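Report on one structure; see the data block that follows.
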Amino acid sequence: MKKDKLKTTRRRFLKSSAAGVAALSIVPRNVLGQGQTPPSGEFGGALIGCGGRGGGTFGGLGPDVRRVALCDVKFKDRADNKMYYSDFRRLLERKDVHVVAIATPPGWHALISIAAMEAGKDVLCEKPMTRFIAEGRAVAEAERRYNRIYQIGTYGRFGANQKIRKIFESGLLNTCDSVYIRRGGVKVKEWSGKVKYNVDEVPANLDWDFYCGATQQRPYNRHRTGGTHRGYWDHEGGGLSDMSHHHLDGPAYQFGRDLTSPVEITPYAPPMHPEACGLWGWCEMKYADGFTIVLESGEWGEPYDRLKAANTSEGELKDMLAEADRKKLDEMPDLEPLVKFPEAIRTRKQAGGHAAASHRVSTIYHLANVAFRCGRKLRFDPETDHIVGDEEADRLVNQPVRAPWRL
């Protein structure tokens, strides 16, 4: 992995255009008066998505954030557009809202994040960052374009080994045969969807059309709401999407896997239902420099045995370097500490789990899900964020959205 190639990848990615980032009108930051610490030193915060993870996500905004508004599609019967909202767009018009916590199902994460940053707000968003890969690229472009603070709601990277990160950032390790294997912990059976289900009556307090948002509007079934929404491709990507950002955030940062994406994806899974997430065995993902990540569910099929975990410790990685390169590494300054969200919104320094890096982390498990759904080996171009030579698979990378919503 050459240093100049890594820089080129990041530079091209951040400059890449995500056409039509949001369907809402652009409001200049100077009009909104956002982007600086409020004179009182206290930020006005809003929570969008008030389900089980809502309170915890809002708490991540920090102690100096005062809650001024709540938004949820289940507030249809009591929205007063003062404290309670059912349409996030109305909430984002408020000038006393400086930061937002987003804890909706992932089908809404990208659109709300982009709209919030466009409106001059900083964003803390629950994991998974997005529902599909192209959304992550659009969120990262919005972060750069509007100069906002963005943090994904998981913090594994803050405890990662920075000495190992320094090796990969140095550009001295041109190739490596490292293999990182993550086994279990992805709740595959728990968050599988129902292939057959009843059509239920929509609760009076729920705006079902808004809940479905940019995805296809299906007949209402209560299993598609609450935590079990995770079992449907319309809303998430099963237990893999639900849990993998927790498991991969630290390793991805540590091993420099948030600087680029896998180029070769090999799945092992039974045929997938087009609507409901299901079981899978493992997925092997190889990077251009040779580094390989393996995700194994432990919940279906034969155990993974193609490769063994290897060369992931600091000592093993240093042994891959020539003596002269080890000396160069020692002479390089240590990396700057990562900045957490509460500090970032005050100092305007980029948060540690910012959108460009978090997009690369989420791309890992999104690619695995694409390969499971297509049932075949895939090749991916990290420069363009597209599947190579497979139009069907590539349509899952950049999925259509339902009017009037658009990326």
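Details
- Every test in (1) in contact with a Gly (Cβ under 9 Å, 6 or more places away or on another chain); (2) without any contact (Cβ under 8 Å) to a residue 24 or more places away in the chain is passed by Thr57 save one, and that test is (2).
- Residue in segment 383-392 that is loosely packed, with under 13 Cβ neighbours inside 10 Å and modelled with pLDDT under 95 present: no
- Take the conditions (1) on the phi > 0 side of the Ramachandran plot; (2) modelled with pLDDT of 90 or more; (3) exposed (fewer than 14 other Cβ atoms within 10 Å of the Cβ); Asp80 misses just one of them, which is (1).
- For segment 139-163, a residue qualifies if it is closer than 25 Å to Glu383 by Cβ, out of contact with any His (no Cβ under 9 Å at 6 or more places or on another chain) and of a type outside the set (D, E, K, R), and the qualifying residues are Ala142, Tyr146, Asn147.
Condition check ((1) surrounded by 10 or more Cβ atoms within 10 Å (Cβ to Cβ); (2) farther than 30 Å from Gly239 by Cα; (3) in contact (Cβ under 8 Å) with a residue 60 or more places away in the chain; (4) not assigned by TED's automatic domain parsing to the domain that holds Ser261) across all residues:
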{"residue": "Val294", "(1), (2), (3), (4)": "yes, no, yes, no"}
{"residue": "Ser297", "(1), (2), (3), (4)": "yes, no, yes, no"}
{"residue": "Gly301", "(1), (2), (3), (4)": "yes, no, no, no"}
{"residue": "Thr312", "(1), (2), (3), (4)": "yes, no, yes, no"}
{"residue": "Leu317", "(1), (2), (3), (4)": "yes, yes, yes, no"}
{"residue": "Leu321", "(1), (2), (3), (4)": "yes, yes, yes, no"}
{"residue": "Ala324", "(1), (2), (3), (4)": "no, yes, no, no"}
{"residue": "Lys328", "(1), (2), (3), (4)": "yes, yes, yes, no"}
{"residue": "Leu335", "(1), (2), (3), (4)": "yes, yes, yes, no"}
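- Residue in segment 215-230 that is at pLDDT below 95, under 17 Å from the mean Cα position of the chain (by Cα) and among the hydroxyl-bearing types (Ser, Thr, Tyr) present: no
- Boolean, Tyr146 is under 13 Å from the mean Cα position of the chain (by Cα), at pLDDT 95 or above and assigned by TED's automatic domain parsing to the domain that holds His109: no
- Residues that are in a strand (DSSP E or B), closer than 28 Å to Thr215 by Cβ and more than 22 Å from the chain's Cα centre (by Cα), drawn from segment 257-314: Tyr268
- Scanning segment 189-201 finds no residues that are outside any loop (DSSP other than H, G, I, E, B), surrounded by fewer than 20 Cβ atoms within 10 Å (Cβ to Cβ) and touching a residue at least 40 places away in the same chain (Cβ under 8 Å).
- Checking each residue in segment 173-199 for being at pLDDT below 95 and under 27 Å from Ala288 (Cβ atoms) picks out Leu173, Asn174, Thr175, Cys176, Asp177.
- Residue pairs whose Cβ atoms lie under 8 Å apart, sitting 6 or more positions apart in sequence or on different chains, and linking a residue in segment 85-99 that is over 14 Å from Asp122 (Cβ atoms) to a partner that is basic (Lys, Arg) and in a loop (DSSP other than H, G, I, E, B), are Ser86/Lys76.
- Flag if Ile345 is touching a residue at least 40 places away in the same chain (Cβ under 8 Å), over 30 Å from His98 (Cα atoms), buried (at least 22 other Cβ atoms within 10 Å of the Cβ) and not small (Gly, Ala, Ser): no
- Unique residue being surrounded by fewer than 17 Cβ atoms within 10 Å (Cβ to Cβ), more than 23 Å from Cys277 (Cβ to Cβ), touching an Asp or Glu at 6+ places or on another chain (Cβ under 6 Å) and not assigned by TED's automatic domain parsing to the domain that holds Asp77 when the list is Asn205, Asn174: Asn205
The values are calculated or read from the model by the stated rules, or taken from the named source; none is laboratory data. What you see is a predicted model; the values in this text were computed from it and never measured. When we count neighbours, we look across all protein chains shown, and the Cβ atoms used for this are built from the backbone with ideal geometry, even at glycine.
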